[in-house]
Amino acid sequence: MGIRSGAEYIKGLQSRQPEIWLQGRRVTSVYDEAVFKQPILEIAKLYDMQHDPEYQDKITHICEETGERVNNAFLPVKSAEDLEARRNLYEAYAKATFGLMGRTPDFLNIVLTSLYSNASFLEKYNRQWAENVKSYYRYIRDNDLFLTHAIINPQNDRSKTSHEQQDMFTHLGAVRETPEGLIVRGAKMLATLAPITDEVIIYSFPGFKPGDERYALAFAIPIDTPGLRILCREPMQDGKRSVYDHPLASRFEESDAVLVFHDVLVPWDRVFLYNNVEAANGLYPKTGIAQQPAHQTGVRGLIKLQFATEVAVRLADSIGVDVYLNVQNDLGELIQSVECIRALLRTAERECDVLPSGEMMPGWVPLETIRGLLPKMYPRAIEVLQIIGAGGLLMSPTDADMVHPELAEDMEKYYAGRAGISGSERVRLFKLAWDLCGEAFGQRLLQYERYYTGDPIRKRAIFYNNYKRERSFSLVDDALSVFEGKKTAESVLPVKRASGAD
Ligand SMILES: Cc1cc2nc3c(=O)[nH]c(=O)nc-3n(C[C@H](O)[C@H](O)[C@H](O)COP(=O)(O)OP(=O)(O)OC[C@H]3O[C@@H](n4cnc5c(N)ncnc54)[C@H](O)[C@@H]3O)c2cc1C
């Protein structure tokens, strides 16, 4: 089949009835649920872009294996051209959503492509697991499906491993084997966009200890598999707010959910890893499923930071405060953050790593540096928006006020900005800014940037340890060589000093 259209994606959603719980009730039709409607339409637009002549050649390619047109997320990266094709895709999707939707379909499809490219890692442990990954990749690619994922255990007692939790099946684990497959029970978090996806893939960060065998799992199943319960967090908007009042929150909210597996059957051909702590600990670092998506998240993060920065610049200009040194200093800092991430991305694309499989990956040092910096830079951009907008962020009326005949004159006069900025222009801009820096929607976006790919503190510690292992820090040796026999301290001291003329 190859690339789907938005309508085909929606038709797929309408054909299923996953067990979704939202605000104490069971959702019967995800497409007709107000809180999901707009995000579904935003994802549908991305599918439609695949058919748009303006984007088609940039974000899709002809699959060598099938001769069909497929998304670039399914392109195994073997060359600089492939990497560029990938970047074009990430950029197009991120620009279409202002970088505000983190889990667009490309994200997990890249994970899957990387698993496919490095299936030899699984082959070492079990040939069937590798075969399962390969055929699952082909199935998702050829049907252009949309995945969610849940890789974290629920936040119960973090000081204990999975098998030490109060109940053996608080964390998702294997209960028993049957001729048809594996029965799994327990919970995983935090499956963003789960209600509006087609499938879910489960895997984990490393950290398994002996005794955790039953939790060492990786598999994928359809989102409507019997026994799989999707527990949505409270929505941050009701799906009925006006686009004028909430230009971003009304469109781009990604729901998050805990997934609970009530004795769910995972067919054997969907099991990618099971009952093997060593394999489960190696899966994330050794199959490129951390590094390849970090390219996508880097590009998306850049667009998001750039967007917040542009809103801050326009906000400052609209009320004439960017004539002040302190405001220029803050805005200059944000622009430098954007340029820093842009430069790191370019470096990552030039300094590639090549895996034993031949898969080419953007360099991990610049990518991890982005991963370390964005959780500081993005919150700072939000803080600058709050500081520049100040009380003005809290004086915006609603659409209904703006168009009321009795109020129109006041609105234009008292809500106008500097000369040339009308009341309605200023209010629109401030509403955009408030969605980003004040609304619960904006706070989630900030929390997302901190945590979407793991705890930034531990990630940086891992980065440090890996960096230290790979580098010799030889500049220090060069400096210390002054004390070695051949290069004595005296021989390098300036003549004047050696002669005591000082
Ligand atoms: C908006 C949002 C969307 C997300 N979407 C997804 C998704 O689609 N799929 C998915 O799988 N995950 C998703 N995540 C989850 C994300 O992967 C986790 O939030 C992240 O890995 C951190 O784990 P945690 O939230 O359980 O925090 P915890 O690990 O519980 O950490 C809580 C605090 O305790 C500290 N801490 C905990 N354990 C240790 C330790 N061992 N050593 C030192 N300090 C420790 C941390 O530094 C942190 O400050 C999402 C998260 C957010 C916020």
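Select, from Leu115, Leu100, the only residue that is away from the ligand (no atom under 11 Å from the Cβ), touching a residue at least 40 places away in the same chain (Cβ under 8 Å) and assigned to a loop (DSSP other than H, G, I, E, B). Testing whether each residue is away from the ligand (no atom under 11 Å from the Cβ), touching a residue at least 40 places away in the same chain (Cβ under 8 Å) and assigned to a loop (DSSP other than H, G, I, E, B) leaves just Leu100. The residues of region 153-171 that are crowded, with 18+ Cβ neighbours inside 10 Å and not in a loop (DSSP other than H, G, I, E, B), listed by number, are Ser162, His171.
Let me confirm something: among Gly282, Gly288, Gly320, which residue is surrounded by fewer than 19 Cβ atoms within 10 Å (Cβ to Cβ), within 30 Å of Ser117 (Cβ to Cβ), small (Gly, Ala, Ser) and out of contact with any His (no Cβ under 7 Å at 6 or more places or on another chain)?
On the way: Gly288 fails: surrounded by fewer than 19 Cβ atoms within 10 Å (Cβ to Cβ); Gly320 fails: within 30 Å of Ser117 (Cβ to Cβ).
The unique qualifying residue is Gly282.
Within region 411-423, residues that are free of Cβ contacts under 8 Å to residues at least 60 places away in the same chain sit with their Cβ atoms under 6 Å from residues that are surrounded by fewer than 18 Cβ atoms within 10 Å (Cβ to Cβ) and part of a loop (DSSP other than H, G, I, E, B), at 6+ positions apart or across chains, in these pairs: Ala416/Ser422. Does Lys413 count as of a type in the set (Lys, Arg), surrounded by 15 or more Cβ atoms within 10 Å (Cβ to Cβ) and at negative phi? So Lys413 fails the test.
Output the residues belonging to region 155-178 that are within 11 Å of the ligand (Cβ to nearest atom) and in contact (Cβ under 8 Å) with a residue 12 or more places away in the chain. Those that are within 11 Å of the ligand (Cβ to nearest atom) and in contact (Cβ under 8 Å) with a residue 12 or more places away in the chain: Gln155, Asn156, Thr161.
No other residue among Tyr93, Tyr31 is in the same structural domain as Ser114 (by TED's automatic domain parsing) and within 23 Å of the chain's Cα centre (by Cα) apart from Tyr93.
Taking Glu123, is it under 14 Å from Leu217 (Cβ atoms), away from the ligand (no atom under 16 Å from the Cβ) and surrounded by fewer than 16 Cβ atoms within 10 Å (Cβ to Cβ)? Talk me through it step by step, then tell me what you get.
Working: under 14 Å from Leu217 (Cβ atoms): no; away from the ligand (no atom under 16 Å from the Cβ): yes; surrounded by fewer than 16 Cβ atoms within 10 Å (Cβ to Cβ): yes.
Here the answer is no, as Glu123 does not meet what is asked.
Does Tyr47 qualify as being aromatic (Phe, Trp, Tyr), over 21 Å from the mean Cα position of the chain (by Cα), assigned by TED's automatic domain parsing to the domain that holds Asp256 and farther than 28 Å from Tyr284 by Cβ? For Tyr47, the condition - aromatic (Phe, Trp, Tyr), over 21 Å from the mean Cα position of the chain (by Cα), assigned by TED's automatic domain parsing to the domain that holds Asp256 and farther than 28 Å from Tyr284 by Cβ - is not met. Within region 443-458, residues that are β-branched (Val, Ile, Thr) reach partners that are more than 6 Å from the ligand (Cβ to nearest atom) with beta carbons closer than 7 Å, at six or more positions or on different chains, in the pairs Thr453/Thr297; Thr453/Arg371.
Taking Ile152, is it within 16 Å of the ligand (Cβ to nearest atom), touching a residue at least 40 places away in the same chain (Cβ under 8 Å) and in contact with a strand residue (DSSP E or B) (Cβ under 9 Å, 6 or more places away or on another chain)? Even if it seems obvious, please write down each step before you answer.
Values: within 16 Å of the ligand (Cβ to nearest atom): yes; touching a residue at least 40 places away in the same chain (Cβ under 8 Å): yes; in contact with a strand residue (DSSP E or B) (Cβ under 9 Å, 6 or more places away or on another chain): yes.
Against the criterion (within 16 Å of the ligand (Cβ to nearest atom), touching a residue at least 40 places away in the same chain (Cβ under 8 Å) and in contact with a strand residue (DSSP E or B) (Cβ under 9 Å, 6 or more places away or on another chain)), Ile152 qualifies.
Taking the criterion of being more than 17 Å from Tyr452 (Cβ to Cβ), within 13 Å of the ligand (Cβ to nearest atom) and in a strand (DSSP E or B), the only residue of region 179-198 that qualifies is Ala187. Taken as a whole, region 238-260 holds at least one residue that is more than 14 Å from the ligand (Cβ to nearest atom), closer than 19 Å to Asn153 by Cα and assigned by TED's automatic domain parsing to the domain that holds Asp144. Tell me whether region 425-435 contains one or more residues that are within 16 Å of the ligand (Cβ to nearest atom), aliphatic (A, V, I, L, M) and either touching a residue at least 60 places away in the same chain (Cβ under 8 Å) or farther than 23 Å from Glu333 by Cα (or both). There is no residue in region 425-435 that is within 16 Å of the ligand (Cβ to nearest atom), aliphatic (A, V, I, L, M) and either touching a residue at least 60 places away in the same chain (Cβ under 8 Å) or farther than 23 Å from Glu333 by Cα (or both). In region 172-190, the residue that is farthest from the chain's Cα centre (by Cα) out of those that are over 17 Å from Asn132 (Cβ atoms) and among the charged types (D, E, K, R) is Arg176.
Restricting attention to region 304-345, the residues that are within 22 Å of Ala80 (Cβ to Cβ) and under 19 Å from the mean Cα position of the chain (by Cα) total 4.
When you scan region 278-300, do you find a residue that is assigned by TED's automatic domain parsing to the domain that holds Leu75, on the phi < 0 side of the Ramachandran plot and in a strand (DSSP E or B), even just one? No, every residue in region 278-300 fails to be assigned by TED's automatic domain parsing to the domain that holds Leu75, on the phi < 0 side of the Ramachandran plot and in a strand (DSSP E or B).
The values are calculated or read from the model by the stated rules, or taken from the named source; none is laboratory data. Only a predicted model underlies this, so the values are computations on that prediction, with no experimental measurement involved. Cβ: placed from backbone, ideal geometry, glycine included. Neighbour counts: every protein chain shown.
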